[in-house]
Every structure is written in structure tokens, then in C-alpha cells.
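One structure below.
The values are calculated or read from the model by the stated rules, or taken from the named source; none is laboratory data. This is a predicted model, so every value here is computed, not measured. With ideal geometry, Cβ positions are generated from the backbone for all residues, glycine too; neighbour counts draw on all protein chains shown. Side chains included, ligands, DNA and RNA excluded: accessible areas come from the protein's heavy atoms. Shrake-Rupley method; radii C 1.70, N 1.55, O 1.52, S 1.80 Å.
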Amino acid sequence: MDIVARKNEENLKISRELEFRQISRDTNDRSTIQNFYHGKNLFITGATGFMGKILIDKLLRSCTDIENIYILVRPKKGKDIHTRIEEIFDDPVFNKLRDEVPKFRHKIVAIPGDCAIAGLGLKLTDRQTLISNVNIVFHAAATVRFDEKLKLAVGINVHGTRDMLNLCQHMKQLK
């Protein structure tokens, strides 16, 4: 093989390598977890509790390419879901998130519902939205009060979980 042919072959290899690096640059800059969550829609129950807040904070700070996070929120103590959402994200838990990702709120979609109600208390249109869009589910809703009335505890912790599993069976894009 003459010098020109070898040089052309080396240039072709370099060109292919550069093209490959350009194509895969975005995915190589992200961790495996960030790649997994890239462009995904999540549904989280229990998002208003301590563990749910920590989960949302960690996901939005670490995986900034998440498309949307749908959170199930119930009215409580005379407050509607929008008021509750405002109060939740005023929590100091989200201080670092507000500093690092100030426009994170547009990724949060509040879905009215209640795990103690049959079918998670979802409206048909909200149920359809979740079925069509959600890729990943975190079911973290539960009552952890040890003095809770048994009927309510079973409704939330057992029937709510069953209803979540039933909903997940219909999700077309669930990972």
C-alpha cells in the first residue's frame, strides 16, 4: 500500500471517529441514569410527602432533560391542589433546585386525585393523559400513621397500590 492510500485510509478512520463522536457526544456527556430519564415523562404519587419531595428534587437536579413530572395531588385542609403545589415548592428542600434549575416548575404537572378513592380519584381525561404519556412511575403514596383508622389505611396503602398497578397495565409507553 502506498503512502497516499494509507493516508487516505487514516483520514477516513479519523473522519468516521469524529462523526461518531459528534453523534454520540450528547449521550456520552450524560450518565447512564441521565440517559435513561432523558425525554421521559414520570408519574409520582406521594410527591407532597417528605420522600416524594426529595425524589423530585434529586430527579430535577440530576436529570435536567426529564420532559414532565406528573404528580398526584389531593385537596387538603381546605386548600386546592394549586395552592398545595405552590406551598410544596416553597419548601426549603427545593432551595438548591431553585438555584441550580430556576425554571424547573414548568416540568411539574399537577393531577388532581386521591389514593384513598377508587381509581386514584382520577378524572377520565387525566387518566387518559397518564396512560398516553407516562414512561416511569414512582408510587410513594402511603399513610404512615400508626394510629390511622384501618379502613383508611387499607384504602390508601392496599387499594391505592392495586389501583396504581391497574393504571400502569394500561400505560402504553411504560418502561
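In table form, for the structure just shown:
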| item | result |
| --- | --- |
| Global form of region 64-117, assessed from the alpha-carbon gyration tensor, a/c cut-off 1.5 | oblate |
| Contact order normalised by residue count of the chain, Cα under 8 Å, 6+ apart, percent | 23 |
| Backbone HN-Hα couplings from phi across region 103-111 [Karplus 6.51/-1.76/1.60, Hz, Gly and Pro as x] | 9, 5, 4, 5, 8, 8, 10, 7, 10 |
| Radius ratio Rg over Rh of the chain, counting only Cα atoms, Kirkwood formula for Rh | 1.20 |
| Probe 1.4 Å, accessible area per residue of the chain, Å² | 65 |
| Interchain or long-range residues, amide H under 5 Å from Tyr70's placed H | Leu42, Phe43, Ile44, Val109 |
| Alpha-carbon centroids, region 48-96 and region 146-163: separation in whole Å | 22 |
| Amide H within-cut-off set for Asp114, under 5 Å, with H built and near neighbours excluded | Gly121, Leu122 |
| MRE, 222 nm, helices only [DSSP H, n ≥ 4, -39500 (n - 2.57), over the chain, to nearest 500] | -14500 deg cm²/dmol |
| Under Karplus coefficients 6.51, -1.76 and 1.60, residue-wise ³J(HN,Hα) of region 70-87 in Hz, glycine/proline x | 8, 10, 7, 10, 10, x, 8, 6, x, 9, 6, 5, 5, 5, 4, 4, 4, 5 |
| Protection proxy ranking of 124-132, 64-72 - average other beta-carbon atoms within 10 Å, highest first | 64-72, 124-132 |
| Using θ = phi - 60° and Karplus 6.51 cos²θ - 1.76 cosθ + 1.60, couplings along region 126-140 (whole Hz; Gly, Pro as x) | 5, 4, 5, 4, 5, 4, 6, 10, 6, 9, 9, 10, 10, 9, 10 |
